[in-house]
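Everything below concerns the one structure shown next.
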Amino acid sequence: MEPRAELIALFREVVAALSAERLVREACAAGRAPRPAPGGRLATLGLGKVAAEMLAGARAALGDELEPLAFAVPRGSGGGVLIEGGHPLPDAGSLRAGEALLQAASSLGPDDAALLLVCGGGSSLAEAPRSPLGLAEMRAVNDALVRSGAPIEEMNCVRAHLSRLKGGGLARALHAAGVRRARALVLVDVPQGGPAAVSSGPAAADPTTFADAREIVRRRSVALPAAAVQLLDGGAREETLKAGEPADFVEHIVLCDMRGPAVEAVRLSRRPSRIGGLVRGPVAEVARDYARELTQPGLFAASGEPELSVPADAPPGGRAQHLALLMARELRGKSAAFLAAGTDGRDGPTSAAGAAVDGSTWDDAQRKGLRPEEAIARFAASSCLEAVGATIPAFRTGAHAGELHLLLSQ
């Protein structure tokens, strides 16, 4: 099999192995769901890119015992209790989903148990902004944070302090309703903070403060709307949920984390394989690190979430595709191939899951007059790679655990 095709096939095997439906189904069948008191309900709420698949897994294991209340999901997967929101920017549906989650939590009682199903993407799919912020301000906040190049934990800090849902807001609503039996099954898609950081931690204690959020905005020069700046500067009467508070009662169980994709790739590969460390840091530095791995034959697998600062006037692009084009330059003329793709089957606001390149990709782009060096400088990797047939079409994987990077040297 041609090396690029081999890597794409391995990527598809990995995301199948990380199926959110299967992970939740097996967890619930093993008794991981909380138990209500006699006469109480087992209710479930959730949010994130594969929350619909997580709910399907819980239903398969628990059947009629489970009562779904509200789920924030991406466009194209909604209906009934599944409320569609926007991603990567929140929309009116995101506000409906956020309010529905808080109302559902408030509708429960002391005899009820809450099963929370949480995965990445919920920060934009569900939103309940603090007053006086509205949809326009929250869209501007999310857009500014994504373009700032800030790591996800810093973005979550700012978002949590502008929201009634994030930073433990959902846990507070459950606790205020009298619920004392709650457990969250979590697919972790962040490099730091663990399950409490996923989707900005709606049911977990938040160690950050308003002062931390202000420092991040200042240091990163994040251009927030005036109302958001005023809210952060003035603080709020109530901080985000802190460890040790009575509402910090929801147990979080990790079903998969960001190391999972690389681990699965090595397990499934038929090549001599090795695993790199958890990926984080600027994309350009990640590419330089990967270039040093070319001296060793076999498969090198790594997963995580690198950082990329994107100018406001840049065309729609994807972080994985930008990394792939950087690697195409490193691979030029070599007998090697590289893949970078999102395990959720999407790479940013593009029609691709990522890209797979080899030693001929860079020269192919130049022969077509695409000027790949300029494409890197303009953050236009997506259109360049698509023109040479290097992109992987987006598809719904049913998984969500960050990006997978595969380097095959021969």
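The values are calculated or read from the model by the stated rules, or taken from the named source; none is laboratory data. Just so you know, these numbers come straight off a predicted model, no measurement behind them. Cβ placement follows ideal geometry from the backbone for every residue including glycine, while neighbour counts extend to all protein chains displayed. When the accessible area is computed, the model is the full protein with side chains, heavy atoms only, and any ligands, DNA or RNA have been set aside. Shrake-Rupley method; radii C 1.70, N 1.55, O 1.52, S 1.80 Å.
Students sometimes get this wrong: rank 96, 147 by accessible area, probe 1.4 Å, all chains present, largest first.
The most accessible residue leads, giving 96, 147.
Just to be sure I understand: of the beta bridges DSSP finds with both ends in segment 36-89, what percent are antiparallel, rounded to 5? Percent antiparallel among DSSP bridges in segment 36-89 is about 10. The candidate values were (1) 29, 59, 12, 0; (2) 28, 55, 16, 0; (3) 26, 59, 16, 0; the one computed from these coordinates for P(r) over Cα pairs in 20 Å bins from 0, in percent carries the label (2). The distance separating the Cα centre of segment 101-132 from that of segment 357-398 comes to 40 Å. What FRET efficiency comes out for the pair residue 30/residue 219, r = Cβ-Cβ distance, R0 = 56 Å, nearest 0.05? Taking R0 as 56 Å, the efficiency between residue 30 and residue 219 is 0.80.
Under a straight-distance cross-link criterion of Cα-Cα below 17 Å, which aspartates and glutamates are reachable from residue 334, leaving out those fewer than 8 residues away in the same chain? Partners within reach: 2, 6, 289, 293, 358, 363, 364.
Calculated mean residue ellipticity at 222 nm for the chain: -11500 deg cm²/dmol, from DSSP H runs with n ≥ 4 weighted as -39500 (n - 2.57), summed, divided by the residue count and rounded to 500.
The Cα center of segment 153-169 and the Cα center of segment 1-63 differ in position by 25 Å. When 1, 258, 155 are compared by accessible area at a 1.4 angstrom probe, the order from most to least is 1, 155, 258. Ranked by solvent-accessible area (1.4 Å probe, protein heavy atoms only, all chains present), the residues 12, 25, 130 order from largest to smallest as 12, 25, 130. When the Gaussian network model of the chain links Cα atoms closer than 10 Å, the mean-square fluctuations of 172, 164, 218 top out at 218. Where in segment 273-290 does the label zone of residue 13 land, with the point 7 angstrom along Cα→C-beta and an amide N cut-off under 19 Å? Taking a point 7 Å out along Cα→Cβ of residue 13, the residues of segment 273-290 whose backbone N falls under 19 Å are 273-276.
For segment 13-142, what is the percent of antiparallel DSSP beta bridges, rounded to the nearest 5? Could the numbers behind the result be given before it?
Numbers: 1 of 16 bridges.
Here the antiparallel bridges make up roughly 5 percent for segment 13-142.
Using a Gaussian network model of the chain in which every pair of alpha carbons under 10 angstrom is joined by a spring, one finds that among 269, 382, 199 the greatest mean-square fluctuation is at 269. The mean sequence separation of alpha-carbon pairs under 8 Å and at least six residues apart, normalised by the residue count of segment 35-175, gives a relative contact order of 27 percent.
What's the FRET efficiency of residue 368 with residue 267 using the Cβ-Cβ distance as r and R₀ = 35 Å, to the nearest 0.05? Please report the intermediate quantities before stating the final value.
Details: r = 38 Å, r/R0 = 1.07.
Taking R0 as 35 Å, the efficiency between residue 368 and residue 267 is 0.40.
Largest GNM mean-square fluctuation among 191, 261, 282, using the chain with Cα springs under 10 Å: 282. Against the main long axis of the alpha-carbon atoms of the chain, helix 20-29 sits at an angle near 40°. Cα centroid separation, segment 235-302 to segment 172-207: 19 Å.
Per-residue Karplus couplings for segment 5-11, computed as 6.51 cos²θ - 1.76 cosθ + 1.60 with θ equal to phi - 60°, are listed in order as 5, 5, 5, 5, 5, 5, 4 Hz, Gly and Pro entered as x.
When only Cα pairs under 8 Å and 6 or more residues apart are kept, what is the percent relative contact order across segment 1-99? Don't skip to the answer; put the middle values down first.
Numbers: 122 pairs, mean separation 20.7, N = 99.
The normalised contact order for segment 1-99 reaches 21 percent.
Counted over the chain, the DSSP beta bridges are approximately 45% antiparallel.
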